[in-house]
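Undergrad: Before I ask anything, here is the structure I am working with.
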Amino acid sequence: MEKTNEQLIAILKQFAIDEDMVSAVPFGNGHINDTLKVTNSKGEIKYILQRINHHIFTNVDMLQNNIFTVTSHIREKLVARGEQDVDRKVLTFIPAKDGKLYHFDGDSYWRVCLFIPRSKSFEEVTPQLSYEAGKAFGDFQTMLSDLPADALGETIPNFHNMEFRLKQFRDAVEANAAGRLEEVKDLVAEIEKRAKDMCIQEELYREGKLKKRTNHCDTKVNNIMFDEEGKVLCVIDLDTVMPGFVLSDIGDFIRTGANTGAEDDENLDNVEVNLEIFEAYTRGYMETAKAFLTPQEIKLLPYGGRLLTYMQTVRFLTDYINGDTYYKIHSPKHNLIRTKAQFKLLLSLEAHAPEMDGFMQTWL
Ligand code: ADP
Ligand code: GN1
Ligand code: MG
């Protein structure tokens, strides 16, 4: 339901903010939550207001507690390191006046955080930005690596569990709720062909050979804020920070940052892996994450790119088969277009697997 500016201002008044805000306008282009930037009477952007998609994040208390735990932990680490300008290096959430970490208005859940001044995010990457992003996500995982195992809940259970995503996919195929199966049967076969190879992490975990770690699980480049000089300020979009398998945080960056085309490119000739971006991210990531990674995890990092691209292909196709119930879509076949573009990227990653896997040898 669309809200008027007046209604949004009334929502902002529920938070512990001590000046009057005048407008809240849409910002960013996420597929899940609604993000707005909030301006005061002097025309300064002061806050980010977000409506949480509680159909997807069904346990809002757990979600906001996780985010509070993560931001407090990172803040402590930054202070201990003697960092300056800490308020631009970690998100600061504003509690509601009743002390809760969100406000429920009867139909939606809202949260507010400080707008980080003089910051920007990028939709596209250069090798330099990719290297900085790799360092940032590796550092993010490092700072959170000493959180106790039960500190965070799974805000979306089994979020990056490939076996679970395949089960959802097979259930969708079985139900064929939107009658779209015939149209996508070749893609379904391509997915099934790779299914076993894509569940390595779950198998290793069952065998006790892989441990769970705290991951960001949405490592797109637009989830990093940079300063005016292109240096990283902080990692944002913390809804999916949770325990899981380590390949998530390199995999999703390769999927998004190292794609020469768009996630939903209709011209599949645009879609290829950019190896320079992959190598730059990996160098940055290894600089900050090497200390906690096992040799086996290091070897698997390029496989992470294939895995997360495969997983996203499966998730978009599942949503298309189900009749578009999960992702926001901007055209009737958007999820199918996304599926095809992700699958094309997967083919490119597979074609370049020998070089990418070989690139990791230097770190072993
Ligand atoms: P979404 O779930 O929509 O991706 P994000 O939390 O990633 O939501 O926010 C969307 C965009 O808004 C980001 O890419 C970034 O450009 C901007 N943004 C988010 N939070 C802040 C902030 N605290 N300060 C400045 N810009 C922000
Ligand atoms: C969603 O919120 P956003 O747009 O950054 C999704 C990710 C997908 C991504 C695909 C909670 O992320 O897992 O990779 O779309 N987030 C959730 O672009 O499902
Ligand atoms: Mg985001």
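Read-outs throughout are calculated quantities, based only on the coordinates presented, and are distinct from any laboratory measurement. Treat the numbers as computed from the prediction; the structure is a model and nothing was measured. Cβ sites come from the backbone with ideal geometry, for glycine too, and all protein chains shown count toward neighbours.
Undergrad: Calculate, for R81 and F164, the FRET efficiency according to 1/(1 + (r/R0)^6) with r their C-beta to C-beta distance and R0 51 Å; round to the nearest 0.05.
TA: With a Förster radius of 51 Å, E is 0.85.
Undergrad: Tell me, S348, S130, S72 in order of fewest to most beta-carbon neighbours within 10 Å?
TA: With the sparsest Cβ surroundings first, the list reads S72, S348, S130.
Undergrad: Calculate one ³J(HN,Hα) per residue across the range 102-116 by plugging θ = phi - 60° into the Karplus curve 6.51 cos²θ - 1.76 cosθ + 1.60, and present them in order as whole Hz with x for glycine and proline.
TA: Per residue, the Karplus-derived 3J(HN,Hα) values read 7, 10, 9, 9, x, 10, 10, 9, 10, 9, 9, 9, 5, 6, 7 Hz.
Undergrad: Calculated FRET efficiency, E287 and T126, Cβ-Cβ r, R0 22 Å, to nearest 0.05?
TA: Efficiency for this residue pair is about 0.80.
Undergrad: Here's another thing I want to ask about it. Arrange D252, D139, D87, D20 by Cβ neighbour counts within 10 Å, fewest through most, would you?
TA: Ordered by Cβ neighbours within 10 Å, fewest first: D20, D87, D139, D252.
Undergrad: When averaged across all projection directions, what area in nm² does the alpha-carbon convex hull of the range 260-364 cover?
TA: Hull-based average projected area comes out at 7.4 nm².
Undergrad: To continue, here is another question. Tell me the trypsin sites (Lys or Arg not before Pro) within the range 291-321 that lie in a loop according to DSSP and have at most 13 other beta-carbon atoms within 10 Å.
TA: Filter output for the range 291-321: empty list.
Undergrad: Say a paramagnetic label sat at a point 7 Å from the Cα of S72, along Cα to Cβ; which residues of the range 223-252 have their backbone N under 19 Å from it?
TA: Label zone hits: 238-243.
Undergrad: Whole Å is fine, so just give me how far the alpha carbon centre of the range 80-142 lies from that of the range 1-38.
TA: 17 Å
Undergrad: From the backbone phi of the range 183-197, what are the Karplus-calculated ³J(HN,Hα) couplings (6.51 cos²θ - 1.76 cosθ + 1.60, θ = phi - 60°) in whole Hz, Gly and Pro given as x?
TA: 5, 10, 4, 5, 5, 4, 5, 4, 5, 4, 4, 9, 4, 5, 4
Undergrad: Along each of its three principal axes, how wide is the spread of alpha-carbon positions in the range 319-364, in whole angstrom units, largest first?
TA: So the extents along the principal axes, rounded to whole Å, are 45, 18, 16.
Undergrad: Same structure, new question: Which values of log₁₀ I(q)/I(0), to two decimal places, follow from the Debye formula for the chain at q = 0.07, 0.08, 0.09 Å⁻¹ with a uniform point scatterer at every Cα?
TA: Log10 of I(q)/I(0), two decimals: -0.31, -0.40, -0.51.
Undergrad: So what J values fall out for the range 227-243 if you push phi through Karplus, 6.51 cos²θ - 1.76 cosθ + 1.60 with θ = phi - 60°, rounded to Hz, Gly and Pro as x?
TA: 8, 4, 8, x, 8, 5, 8, 7, 8, 10, 6, 9, 4, 9, 5, 6, x
Undergrad: Let me have the relative contact order for the range 1-151, percent, based on Cα pairs under 8 Å that are six or more residues apart.
TA: 22 percent
Undergrad: Calculate, in nm to one decimal, what K185 and K100 gain on full extension: separation in residues at 0.36 nm each, minus their alpha carbon distance.
TA: Extra length available between K185 and K100 comes to 25.9 nm.
Undergrad: Given the Cα atoms of the range 121-187, and with Rh set as the inverse mean 1/r over their pairs in the Kirkwood sense, what is Rg to Rh to two decimals?
TA: Ratio of gyration radius to Kirkwood radius: 1.17.
Undergrad: May I ask you to derive the relative contact order of the range 162-288, considering only C-alpha pairs under 8 Å and at least 6 residues apart, and to give it as an integer percent?
TA: 18 percent
Undergrad: Once R0 is set to 51 Å, what does the formula 1/(1 + (r/R0)^6) return for the Cβ-Cβ distance between K42 and E266, expressed as a FRET efficiency to the nearest 0.05?
TA: The value I calculate is 0.75.
Undergrad: Also, I was wondering about something else. Give me D for the range 1-60 in µm² s⁻¹, whole number, from Stokes-Einstein with Rh from the Kirkwood sum over alpha-carbon pairs, 20 °C and 1.002 mPa s.
TA: In µm²/s, the coefficient rounds to 174.
Undergrad: Let me ask something else about it. Just flag the trypsin sites (Lys or Arg not before Pro) in the range 169-220 sitting in loop per DSSP whose Cβ has no more than 16 other Cβ atoms within 10 Å.
TA: Those satisfying the criteria are K209, K211, K212.
Undergrad: To make sure I understand, if each residue's beta carbon is the centre and we count other beta carbons within 10 Å, what order do L8, L347 fall in, fewest to most?
TA: L347, L8
Undergrad: Next question, about the same structure. I need to check one value: relative contact order of the range 200-263, counting alpha carbon pairs closer than 8 Å and at least 6 residues apart, in percent.
TA: 38 percent
Undergrad: If you fit an axis through the alpha-carbon atoms of helix 162-175 and take the longest principal axis of the Cα set of the chain, what angle between them do you get, 0 to 90°, nearest 10?
TA: Tilt relative to the chain: about 80 degrees.
Undergrad: Report, please, the projected area of the range 171-305 averaged over directions, based on the convex hull of its C-alpha atoms, in nm².
TA: With the hull built on Cα positions only, its mean projection is 11.0 nm².
Undergrad: Here's a follow-up. Output the direction-averaged projected area (hull surface divided by four) of the convex hull of the alpha-carbon atoms of the range 95-147, in nm².
TA: Mean projected area for the range 95-147: 6.5 nm², to one decimal.
Undergrad: Next question. Filter the cross-link list K211/K299; K46/K77; K135/K220 down to pairs whose alpha-carbon distance in this structure exceeds 23 Å.
TA: K46/K77
Undergrad: Run the dipole for the range 120-264 about the Cα centre, Lys and Arg Cβ at +1, Asp and Glu Cβ at -1, nothing else charged, and hand back the magnitude in debye, nearest 20.
TA: Using only the charged Cβ atoms, the result is roughly 500 debye.
Undergrad: What residue among N270, L233, C217 has its Cα farthest toward the positive end of the dipole of the range 199-336, where the charges are +1 on Lys, Arg and -1 on Asp, Glu, each on the Cβ?
TA: Farthest towards the positive pole: C217.
Undergrad: Is it possible to state the helix-based mean residue ellipticity at 222 nm for the chain, with each DSSP H run of 4+ residues giving -39500 (n - 2.57), the sum divided by total residues, to the nearest 500 deg cm²/dmol? What is it?
TA: The per-residue figure over the chain is -14000 deg cm²/dmol.
Undergrad: Out of the trypsin sites (Lys or Arg not before Pro) in the range 36-95, which ones are loop residues according to DSSP with at most 15 other C-beta atoms within 10 Å?
TA: K42, R81
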